[in-house]
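Each value in this text was obtained by applying a stated rule to the coordinates, not by laboratory testing. This one's a predicted model, so the numbers in the text were calculated from it and none came from an experiment. No Cβ is skipped: glycine too gets one built from the backbone with ideal geometry, and neighbour counts run over all protein chains shown.
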Amino acid sequence: MYRKLLEKMKSWKDDKYRKPLVLEGARQVGKTWLMREFGRSCFEDVAEFNFDKDNRLNQIFETSKDIPRIIKQLSLIRAKAIDPDKTLIIFDEIQECPEALNALKYFKEDHPEYFVVSAGSLLGVYLAKDHSHPVGMVNIMNVNPMSFDEFLQACSPDLHAYYSTINSSSIIDGIFHSKLMDAYHEHLIIGGLPECVKMWVETKDPARILETQKDLSLVYERDFAKHGGKVNPARIMLVFRNISAQLAKENKKFIYSDIQKGARARSFEEAIEWLVTAGLINRLYLAKKNESPLKNFIDLSAFKLYLFDSGLLKYMADIPNDQIVLNADFQFKGALTENYVLQELKTTSLSYPNYFAFEHYEIDFILQAPDRGIIPVEVKASKITAASFNAYNKKYSPPTRIRYSSLGYKKDGNIINIPLYLVGKTHELI
């Protein structure tokens, strides 16, 4: 499988100012595969050390942070020299050895010639702790589930070849539009977790996909008890399992009392923060003003929560496949589509979105784009334009509006209609 992040990792390799690289992201999004593939394709040699498989490695870092000594010890363990010009050093599951995580800053300060990349399950949670975070001494890249672009390349290489040629001047043939919409529906069902995509490529068996998604959801839930730390694991579980119910409401704003009768914000704030830093949920804040810079006007008390993978959300909401393939108007499809769009927008160079409310209207997403100002975004699983989208246009007269829908790519006045399979190309298309 191809991951676009490999290109960023190659740029990191060539950057003379690079620091040790840390890959963050939820469990099972492909961090280990990325490190190994990066090593295989870009280095003559790879030295991989897994702190979960062999906790004896910890003592190497606990004794001292002298890098030449550490390199000599690691070379002895693998029975092969580590060459700073030819070897990629991989520290996997590095959160199991906080001293190794802390040692990354000494690689940066004392021996930056070594290529070091590390990752781990729930590493975001560990890096959020001040005592274990090598502040300013590492480069961090976030690993997300596979985007539609990556999914399409894995599942339909020939169709992806056409997809990759689409740009702002393209006229998309009706046959290709239909095929790409079919692939988009597949992606909603399968999701972007590499294990699910690999299973789909190899078996084309929907029953196996459901089993895989079930197994993965149980893995995440077991992590709550194992790695929750001081955060109540039962509360983490309640929030995680309640995401689909919150999104099923007409107003998707997160309501604490919907989790548990009488629940207060202070009881669940830490659980939500844990899930966000673990990479398992995406949080969308309300923008109090549609002015630039948007991040200065967010309301921290008003937000929506989305799952990090649309396929897993589809599984947790227990949506039958035929509802996605054949029924454009079933109740939960709007929420599932928004979840997918947010995932895709995270892969673009555009700013992270917010949502916006005015009078009695609400805009699904609001973006800040270079040379385009503030852009309101409407997400439609069907073909009917919401009254809020037109009301925003009448009140604020934005130079650009974006509608993501099942319609073809088209510019009509200040509206750019972008098919749902092209969300990841938004920056190119506007």
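Estimated from helices alone, the mean residue ellipticity of the chain at 222 nm is -13500 deg cm²/dmol (sum of -39500 (n - 2.57) over DSSP H runs with n ≥ 4, per residue). From most to least packed by mean Cβ count within 10 Å, the peptides 5-17, 59-71, 107-119 give 107-119, 59-71, 5-17. Summing Cβ point charges (Lys, Arg +1; Asp, Glu -1) relative to the Cα centre of the range 156-232 gives a dipole of roughly 340 debye. For the range 153-234, trypsin sites (Lys or Arg not before Pro) are listed when DSSP marks them as loop and at most 12 other Cβ atoms sit within 10 Å of their Cβ; the list is Lys204, Lys230. Aspartates and glutamates within cross-link reach of Lys214: Cα-Cα under 16 Å, excluding same-chain residues under 8 positions apart? List returned: Glu195, Asp205, Asp223, Asp309, Asp318. Placing R0 at 60 angstrom, the Cβ-Cβ distance between Glu202 and Lys261 gives a FRET efficiency of 0.85 after rounding to 0.05.
Computed extension length for Glu269-Asp110: 53.3 nm, one decimal, from 0.36 nm per residue of separation with the Cα-Cα distance subtracted. The length gained by stretching the chain between Asp83 and Asp66 to full extension, at 0.36 nm per residue less their Cα-Cα distance, is 4.4 nm.
Under 5 Å between amide hydrogens, built in the peptide plane, is the criterion, and for Leu21 it picks out Val116, Val117, Ser118, Asn139 among residues at least 5 positions away or on other chains. Figure legend: label point modelled 7 angstrom from the Cα of Glu7 along Cα→Cβ; residues of the range 135-172 with amide N under 12 Å from it are 150, 164-165.
For the range 96-122 and the range 384-413, write down the distance between their C-alpha centroids in whole Å. Between the Cα centres of the range 96-122 and the range 384-413 lies a distance of 47 Å.
Extending 7 Å from the Cα toward the beta-carbon at both Asn414 and Asn58 defines two label points whose distance is 5.9 nm.
Using a Förster radius of 56 Å, what is the FRET efficiency between Asn50 and Lys394 based on their Cβ-Cβ separation? Nearest 0.05, please. My answer for the efficiency is 0.45. Of all beta bridges that DSSP places with both ends in the chain, some 40 percent have antiparallel geometry. Given q = 0.10, 0.18, 0.21 Å⁻¹, what are the Debye log10 I(q)/I(0) values for the range 236-327, with equal point scatterers placed on the Cα positions and solvent ignored? The computed values of log10 I(q)/I(0) come out as -0.30, -0.88, -1.09. Only Cα sites of the range 175-276 enter the Debye sum here, all with the same form factor; the resulting log10 I(q)/I(0) across q = 0.17, 0.21, 0.22 1/Å is -0.91, -1.08, -1.11, listed in q order.
Stokes-Einstein diffusion for the range 5-142, with the hydrodynamic radius set to the Kirkwood value over Cα pairs and evaluated at 20 °C in a medium of 1.002 mPa s, equals 145 µm²/s. Note on Leu76 and His360: the model spin-label points, each 7 Å out from Cα along the C-beta direction, lie 7.6 nm apart.
What is the local net charge at Lys19, summed over the other residues whose Cβ is closer than 13 Å to its Cβ (Lys, Arg +1; Asp, Glu -1)? Once all neighbours under 13 Å are counted, the net charge is +1. With N the number of residues in the range 148-429, Rg(Cα) / (2.2 N^0.38 Å) evaluates to 1.01. Between Ser351 and Leu300, the distance separating the two model label sites (each 7 Å from Cα on the Cα→Cβ line) works out to 1.8 nm. Against the empirical curve 2.2 N^0.38 Å, the C-alpha radius of gyration of the range 347-399 lands at a ratio of 1.15.
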